[in-house]
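Engineer: I am attaching a structure below and will ask some questions about it afterwards.
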Amino acid sequence: MASSQQSRNFLLASLPAADFDLLRPNLQTIDMLRGQMLVRSGDIPKRAYFPKSGIIASCVTFDDGSLIEARITGREGAVGAAIGGGGRPSFTSAVVRLEGQSYAIDYPSFETAMGQSAALRAVLAKHEAFQQAISDQSVACNVAHVTEERLARRLMRLHVMSGQTSFVATQEAMAEMLGIRRNAVSLVAHAMQEANIIRYSRGRLEIVDLDGLRSRSCECYDAVMTYRDRIEPD
């Protein structure tokens with residue numbers, strides 16, 4: 001039986017207690033600082049991360065050194081924990097988007113536990129399917145929807161994954177999230193603030209009206225959340 005008290009990471013909390021105990025002795029809690037690089041593109045990851053709070057962004061690196069966010073992971077999932085992923089170089093860089101804490105486990109210990117636990121492999125497979133759905137939906141979203149809809153969707157995701165309504169979110173970071181220019185973010189954020197949906201000042205963003213934000217979001221947010229509910233266990 002799973003225990004909701006065994007971990008603040010939802011993926012780990014969904015495991016039966018005996019399966020979580022395979023990981024427990026080798027889990028370390030680390031502090032994550034905003035902007036910290038956990039994994040660099042091209043490197044072979046040495047640890048898997050299971051956030052307890054905060055957000056990790058997986059980013060694609062371009063030749064000029066710029067980073068564009070491909071997806072984000074919070075307390076619902078894991079970074080670097082793909083089945084059969086050990087020993088492979090990472091295509092993306094893992095960068096802390098919102099500070100917090102995470103469990104970290106070295107790869108040899110993680111892969112040993114994964115080999116012994118069918119339940120762990122099952123929850124990781126569901127997590128990978130959900131992450132793939134987000135990536136696929138994001139590709140379509142970038143083509144089909146305007147900046148305001150896309151920003152609203154990203155802010156809803158940040159809220160759900162962090163459990164917070166207020167967080168550090170500079171215009172540079174928001175532009176990186178969406179792969180657009182900073183001035184485009186500025187115009188949309190200003191319009192949302194005028195509508196009293198968000199409050200934005202000195203790089204800190206507060207969601208004032210969650211219902212209003214959701215109404216501005218495109219259909220992509222509901223689409224991926226519906227898919228998540230379909231594949232998660234009861």
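The values are calculated or read from the model by the stated rules, or taken from the named source; none is laboratory data. Remember, it's a predicted structure, so these values are computed and weren't measured experimentally. A quick note on method: Cβ atoms are made from the backbone with ideal geometry, for glycine too, and the neighbour counts reach across all protein chains shown.
Engineer: What number of residues within the range 53-74 are hydroxyl-bearing (S, T, Y), touching a strand residue (DSSP E or B) at 6+ places or on another chain (Cβ under 7 Å) and over 15 Å from G42 (Cβ atoms)?
Structural biologist: Narrowing the range 53-74 to residues hydroxyl-bearing (S, T, Y): 53, 58, 61, 66, 73.
In the following step, the residues that additionally are touching a strand residue (DSSP E or B) at 6+ places or on another chain (Cβ under 7 Å) were identified as 53, 58, 61, 73.
Okay, now just the ones that are also over 15 Å from G42 (Cβ atoms), so 53, 73.
Selection size over the range 53-74: 2.
Engineer: Which one is surrounded by the most Cβ atoms within 10 Å (Cβ to Cβ), of the residues in the range 218-234 that are among the hydroxyl-bearing types (S, T, Y) and either at pLDDT 90 or above or farther than 17 Å from V143 by Cα (or both)?
Structural biologist: Step by step, filter the range 218-234, then rank; the result is Y227.
Engineer: Can I ask one more? Suppose we filter the range 145-204 for residues that are exposed (fewer than 15 other Cβ atoms within 10 Å of the Cβ) and acidic (D, E); how many remain?
Structural biologist: Result for the range 145-204: 2.
Engineer: Tally up the residues in the range 54-89 that are crowded, with 19+ Cβ neighbours inside 10 Å and among the hydroxyl-bearing types (S, T, Y), please.
Structural biologist: Residues in the range 54-89 being crowded, with 19+ Cβ neighbours inside 10 Å and among the hydroxyl-bearing types (S, T, Y): 2 in total.
Engineer: Now, a different point. Report yes if A125 is touching a residue at least 60 places away in the same chain (Cβ under 8 Å) and either closer than 19 Å to L15 by Cβ or assigned by TED's automatic domain parsing to the domain that holds F167 (or both), otherwise no.
Structural biologist: Spelling it out, it is not the case that A125 is touching a residue at least 60 places away in the same chain (Cβ under 8 Å) and either closer than 19 Å to L15 by Cβ or assigned by TED's automatic domain parsing to the domain that holds F167 (or both).
Engineer: Next up: Going by the conditions given, is R75 assigned by TED's automatic domain parsing to the domain that holds D19, in contact with a Leu (Cβ under 9 Å, 6 or more places away or on another chain) and of a type in the set (D, E, K, R)? Quick ask: steps written out before the conclusion?
Structural biologist: Numbers: assigned by TED's automatic domain parsing to the domain that holds D19: yes; in contact with a Leu (Cβ under 9 Å, 6 or more places away or on another chain): yes; of a type in the set (D, E, K, R): yes.
Spelling it out, R75 is indeed assigned by TED's automatic domain parsing to the domain that holds D19, in contact with a Leu (Cβ under 9 Å, 6 or more places away or on another chain) and of a type in the set (D, E, K, R).
Engineer: Looking at E194, E172, E232, can you tell me which residue is closer than 21 Å to A70 by Cβ, out of contact with any Ser or Thr (no Cβ under 7 Å at 6 or more places or on another chain) and of a type in the set (D, E)?
Structural biologist: Of E194, E172, E232, the one residue that is closer than 21 Å to A70 by Cβ, out of contact with any Ser or Thr (no Cβ under 7 Å at 6 or more places or on another chain) and of a type in the set (D, E) is E172.
Engineer: Return a yes/no flag: does the range 151-164 have any residue that is among the small types (G, A, S) and touching a helix residue (DSSP H, G or I) at 6+ places or on another chain (Cβ under 7 Å).
Structural biologist: Scanning the range 151-164 turns up at least one residue that is among the small types (G, A, S) and touching a helix residue (DSSP H, G or I) at 6+ places or on another chain (Cβ under 7 Å).
Engineer: Could I ask something else about it? Kindly indicate which of A81, A119 is assigned to a loop (DSSP other than H, G, I, E, B), among the hydrophobic types (A, V, I, L, M, F, W, C), more than 13 Å from L38 (Cα to Cα) and touching a helix residue (DSSP H, G or I) at 6+ places or on another chain (Cβ under 8 Å).
Structural biologist: A81
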